[in-house]
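Structure first, commentary second.
The values are calculated or read from the model by the stated rules, or taken from the named source; none is laboratory data. These numbers come from a predicted model, not from an experiment. Counting neighbours? That spans all protein chains shown, and the Cβs are built from the backbone with ideal geometry, glycine included. Quick note on the areas: whole protein, heavy atoms, side chains included, nothing else; ligands and nucleic acids left out. Shrake-Rupley method; radii C 1.70, N 1.55, O 1.52, S 1.80 Å.
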Amino acid sequence: MGLSTLVAPVVAGADAPGPSFFGGADHAVFVQTDNTAGNQVVAYDRSDNGSLTQAGTYNTGGLGGQLTGSVVDHLASQGSLTYDQRSATLYAVNAGSNTVSVFSVRGDHLTLRQVVNSGGTFPVSVTVHGGLVYLLNAENGGSVQGYVSFFGHLFAIPGSNRALGLDPTATPQFVNTPGQVAFSPDGSKLIVTTKANGSDIDVFGVGRFGFLSPAPVVNSEPGAVPFAISFDAAGHLVIAEAGTNALATFTLNPGGTVTPIDTVGTGQGATCWVAQAQGFFYASNAMSGSVSQYSVSIIGALALAGQTATDPGTVDASPSIGGQYLYVQTGGNGIVDEFQVGASGSLAEIGSVTVGGAVGGEGIVAF
C-alpha cells in the first residue's frame, strides 16, 4: 500500500470535510486573488444564512500569474487553491513565482508555513490524497511534481516529476495549457486534462510511495477540450469540456483508459469548471456569466436541470460542507456570488462579495 491510498482526496470544487485533529476550517470560505503584484488568500466567515463577511487577508509570499490571452481566468485551471483536511493545510499556487504556499488553517485564520518550488513553470493546480500531494505546472509543455506532506510541510519526492510532453508553442496559450490535476477517489490514479493541447485526458498509475507510471495512458477526446475534473458518488469521472460546452461522464477503467458514458451540453459559452453539491453538478460558463445545473444517475447519465446567472466571468466554484451553499468565483470583476442550494439542486441567490485585487483570479475553497 502506498501513501496515496490512506485518505480520500479533498479538492477545490468538491465537498470538504470539517476540522481535523489539528484544527482546520469551519464556516469559512477562502479565495485566492492570483494578483500578479502579490498573490493573496482572502478569508471570509460564513454566517448561518450563507452570507460572507471578510475576516482577513494573507500574503502567499509569491506572485500570481496570467496566461497569454486570458481575460477572466488568468490561470485557466481548476484546483489552484486546495485544502487537505487530514493535516488542516491549505495549498495556494503562485504561478508567477513557480512556487506553492503552504498554510496551516484554524477556523478562518491562516498561518504561512512554507513556500516550496513547484518543480516546473507556472503551477496552476494542486491535488491531495492522504500524505501525497501532486502539483501541475502548465508551461513549457507541462509537468506534474509529487510531494509528501508531513506535519503540514511538503517534501519533494525525488524522481516523481513527469513531463506531459505538450506543445509549448501552441497558441492561444490559455487554452493550450493543462487544466487540472486530480487523484481518483481511491488514489490509484492521477488524472490530468490537457485542454486544446491534444484534447486528452491523461491518466497516470500511482504506485508505491507515490511514484507515478513512467508515462500516462492518453485518452484522446478530439474537439472536446477537457478542462475540469470531478467524480460522482458512484466513482464516475465527470469532465467539463470547453470545446463542446458540455459536461461529460466516463468510466475510469483499471488500466487507465476511460469509457464515455454521457455528454450533455450546457447551451452556454466557455464551459470550463465543475463543482458538486448534494449530488448535483454545477458547470461554470465564463463567456455566458452563468452556472448550469445537472443531475446524474447512478449509471452516470446526465440531465441538464437549469441555468443560473452570475456576475461576469464565471470561473471556479466550491460548496460548503454538506452542500447547502455554493460559492461561485467570477473573474470579470473579482466577485464571489453566494447561493443557497435547494432540495432539487436549484440555486437561490443570497448576495455577493467583492474580493480586493482578484479580477481574473481563480481558486476558492468553502467549508
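Values computed for the structure shown
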{"item": "Stretch gain in nm, segment residue 348-residue 163, where the contour uses 0.36 nm per residue and the Cα spacing is subtracted", "result": "62.3 nm"}
{"item": "Convex hull volume per residue in cubic angstrom - Cα atoms of the chain", "result": "108 Å³"}
{"item": "Distance in nm between pseudo-label sites at residue 36 and residue 51 (7 Å out along the Cβ direction from Cα)", "result": "3.6 nm"}
{"item": "Top of 89, 60, 111 by mean-square fluctuation, Gaussian network on the chain, Cα under 10 Å", "result": "111"}
{"item": "Shape category assigned to the range 41-119 from the gyration tensor of Cα positions, a/c cut at 1.5", "result": "oblate"}
{"item": "Summed side-chain charge close to residue 308 - residues other than residue 308 whose Cβ falls under 10 Å, Lys, Arg +1, Asp, Glu -1", "result": "-2"}
{"item": "Relative contact order, percent, the chain [alpha-carbon distance under 8 Å, six or more residues apart]", "result": "17 percent"}
{"item": "With DNA, RNA and ligands ignored, accessible area of residue 195 (1.4 Å probe; Å², nearest 10)", "result": "0 Å²"}
{"item": "Within the accessible area of the range 233-290 (1.4 Å probe), percent carbon and sulfur", "result": "54 percent"}
{"item": "Stretchable slack from residue 151 to residue 259, in nm (0.36 nm times residue separation minus alpha-carbon distance)", "result": "35.0 nm"}
{"item": "Cleavage-rule hits (chymotrypsin sites (Phe, Trp or Tyr not before Pro)) in the range 118-186: DSSP loop, at most 15 neighbouring Cβ within 10 angstrom", "result": "151"}
{"item": "Backbone HN-Hα couplings from phi across the range 357-367 [Karplus 6.51/-1.76/1.60, Hz, Gly and Pro as x]", "result": "x, 10, 4, x, x, 9, x, 8, 9, 10, 9"}
{"item": "Percent of Cα-Cα distances greater than 20 Å, calculated over the range 113-182", "result": "28 percent"}
{"item": "Accessible-area composition of the range 309-367, carbon plus sulfur, in percent [1.4 Å probe]", "result": "49 percent"}
{"item": "Accessible surface, the range 271-339, averaged per residue in Å² (probe 1.4 Å)", "result": "27 Å²"}
{"item": "Accessible surface of the range 159-218, 1.4 Å probe, proportion on carbon and sulfur as whole %", "result": "61 percent"}
{"item": "Calculated FRET value between residue 340 and residue 171, using beta carbons and R₀ = 30 Å, to 0.05", "result": "0.15"}
{"item": "Percentage of interatomic Cα-Cα distances in the range 69-192 larger than 17 Å", "result": "54 percent"}
{"item": "Pairwise label distance in nanometres, residue 297 with residue 324, each label 7 Å out on the Cα-Cβ vector", "result": "3.2 nm"}
{"item": "Per residue accessible area of the range 122-209, 1.4 Å probe, in Å²", "result": "31 Å²"}
{"item": "Hydrodynamic radius by Kirkwood, which averages 1/r over all alpha carbon pairs of the range 188-239, in angstrom", "result": "11.7 Å"}
{"item": "Computed over the range 187-305: relative contact order in percent, which uses C-alpha pairs under 8 Å that are six or more apart", "result": "17 percent"}
{"item": "Point-to-point label distance, residue 106-residue 278, nm (Cα→Cβ direction, 7 Å offset)", "result": "3.4 nm"}
{"item": "Stretch gain in nm, segment residue 59-residue 234, where the contour uses 0.36 nm per residue and the Cα spacing is subtracted", "result": "59.2 nm"}
{"item": "Global size of the range 230-367 as Cα Rg and Dmax, reported in angstrom", "result": "14.4, 45"}
